[in-house]
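To start, the structure itself, in structure tokens.
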Amino acid sequence: MTSSVNALVGGAILNGMTEYPKDGHRYEIELRLVAPQRNHPAQLNDLQVRDNRGEVIPLSKLVDLNQKPALQLISRLNRARAITVYANLAPGHSNRKCSKLSKKCRKRYCRGLLHQTNRKLSELSRIVSSLVFALFLGLVVSYMVLASQFNSFIHPVIVLMALPFSISGRSSGFWRSTRA
């Protein structure tokens with residue numbers, strides 16, 4: 001029954017038997033109702049289909065027609081259907097916390113589905129890892145410069161030990177300036 005309704009409303013091309021040649025071209029013939037007979041959903045009730053006993057009956061005796069809103073567009077990404085979810089961070093939450101929660105939800109509810117995070121979020125994590133690498137590289141270069149200046153391997157370590165105290169002092173000063 002569904003194939004009959006699909007063919008009458010949506011159209012169907014029969015396996016190669018519906019081609020005709022004209023002017024050196026082959027044209028396929030599509031089987032379907034004419035436009036005035038398939039434009040309105042109420043007209044589907046008048047379609048005649050066969051039931052499981054082979055009797056021809058109106059479609060309205062087999063099904064109830066309900067109109068519901070549907071998507072006008074199916075989004076695709078790499079030829080697969082895609083759903084885009086947008087969200088903003090609530091006050092007091094970080095990107096890391098949001099990312100962990102998102103991964104947890106995907107593992108629990110989206111098994112077997114392909115997921116792809118926003119480029120901005122992945123770019124942010126790449127930038128943070130680059131900054132950590134730059135900080136480490138800066139410490140190594142600072143140690144090498146100080147070691148060459150002091151002609152010692154231990155004196156640069158003593159100088160660099162003051163670095164965490166400068167970070168805490170800067171943070172407390174910044175905190176005080178934002179509170180004022």
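A few points about this structure:
- Within the stretch 150-161, the presence of a residue that is under 30 Å from N39 (Cα atoms) and not acidic (D, E) is excluded.
- If the condition is being within 26 Å of V140 (Cβ to Cβ) and not in a helix (DSSP H, G or I), then the stretch 155-180 contributes M161, A162.
- Only listed residue being touching a residue at least 24 places away in the same chain (Cβ under 8 Å) and either farther than 30 Å from L8 by Cβ or part of a loop (DSSP other than H, G, I, E, B) (or both), chosen from Q116, Q72: Q116
- One residue stands out among those in the stretch 12-30 that are assigned to a loop (DSSP other than H, G, I, E, B) and over 23 Å from V56 (Cα atoms): the one that is modelled with the lowest pLDDT, which is G16.
- A single entry from L65, L33, L8 fulfils the requirement of being part of a helix (DSSP H, G or I) and either more than 30 Å from Q116 (Cβ to Cβ) or in contact with a strand residue (DSSP E or B) (Cβ under 9 Å, 6 or more places away or on another chain) (or both): L8.
- Each residue in the stretch 36-62 was checked for being among the small types (G, A, S) and in a loop (DSSP other than H, G, I, E, B), and 1 of them qualify.
- Just so you know, in the stretch 119-143 the residues that are in contact (Cβ under 8 Å) with a residue 12 or more places away in the chain and aliphatic (A, V, I, L, M) include one that is farthest from R81 (Cα to Cα), and it is L139.
The values are calculated or read from the model by the stated rules, or taken from the named source; none is laboratory data. The structure presented is a predicted model; accordingly, all values stated were derived computationally and were not measured. Neighbour counts run over all protein chains shown; Cβ positions are idealised from the backbone, glycine included.
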